[in-house]
Amino acid sequence: MSKTLTFVIGALIGLIAGGLLTYYLFVGTPQALVKPGVPIKVPDANGSPVGTAQIVLKEEFFNTVLQTIFKDMSEPTFPLTLSSNTNNLDNGSTKYGLLQNKCESVIKVLQQGSDVQTGVQFKDSKINAPIAFSGKANVFGNCMEFKGWSQANLELRFDNEKQIVYGVVNVETVNLDGIS
């Protein structure tokens, strides 16, 4: 054999042996979940069924996602009405154009406002969410700007028949700045 081939084989054996020694020194020997001589038992009938996965998401995860949305994207904006009630004529002009104003009725979720930080809190077995907001609304032909905060909670529900989890947001309070 040539000296190069002998060196390569020696280096590979040394690398494998070094890797095994490092693993055993830092991690230790592999351990079985059941001690030798102890019979394996049937899973607990009251426990989770076979194939069940558990996902744990902490409060910090949701708040980090919200911070990323506010930092890297524009603030979430939603229309205050779900349908558009404009009467367009065939030529594209708006009927009653003199009565229309250019106020878009929207609400914008803010990262912080009205001394409230938008976020998620896990408290008292609930998912609570204080939400700071601002917006505009067309009220009797006038464009009214508003800001404030609301307290909401998320209620998770499981539909056993469809095997899905869905959430319902319950808005508990709405507090507008300057209005008692």
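The values are calculated or read from the model by the stated rules, or taken from the named source; none is laboratory data. Everything numeric here is computed off the predicted structure, so don't read it as measured data. Methodologically, a virtual Cβ is constructed for each residue, glycine included, from the backbone with ideal geometry; neighbour enumeration extends over all protein chains shown. Surface areas here come from the heavy atoms of the whole protein model, side chains and all, with no ligands, DNA or RNA. Shrake-Rupley method; radii C 1.70, N 1.55, O 1.52, S 1.80 Å.
Whenever a residue of the stretch 48-75 is in contact (Cβ under 8 Å) with a residue 12 or more places away in the chain, its partners that are surrounded by 10 or more Cβ atoms within 10 Å (Cβ to Cβ) and charged (D, E, K, R), lying with C-beta atoms within less than 7 angstrom and at least six residues away or across chains, give the pairs Glu75/Lys108.
Regarding the stretch 41-59, can at least one residue be identified that is touching an Asp or Glu at 6+ places or on another chain (Cβ under 9 Å) and modelled with pLDDT of 80 or more? Looking for residues that are touching an Asp or Glu at 6+ places or on another chain (Cβ under 9 Å) and modelled with pLDDT of 80 or more, one finds none in the stretch 41-59, hence no. When the stretch 127-158 is filtered for residues that are of a type outside the set (Val, Ile, Thr), within 23 Å of Lys58 (Cα to Cα) and open to solvent by less than 50 Å² (accessible area, probe 1.4 Å), the ones remaining, listed by number, are Asn128, Ala129, Pro130, Ala132, Ser150, Gln151, Ala152, Asn153. Looking only at the stretch 15-34, how many residues end up being open to solvent by 80 Å² or more (accessible area, probe 1.4 Å) and either modelled with pLDDT of 70 or more or on the phi > 0 side of the Ramachandran plot (or both)? Residues meeting the conditions: 9.
For (1) over 23 Å from Asp72 (Cβ atoms); (2) in a loop (DSSP other than H, G, I, E, B), each residue gets a yes or a no:
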{"position": "Lys108", "(1), (2)": "no, no"}
{"position": "Phe122", "(1), (2)": "yes, no"}
{"position": "Ile127", "(1), (2)": "yes, no"}
{"position": "Ser134", "(1), (2)": "no, no"}
{"position": "Val171", "(1), (2)": "yes, no"}
{"position": "Val174", "(1), (2)": "yes, no"}
{"position": "Ile179", "(1), (2)": "yes, yes"}
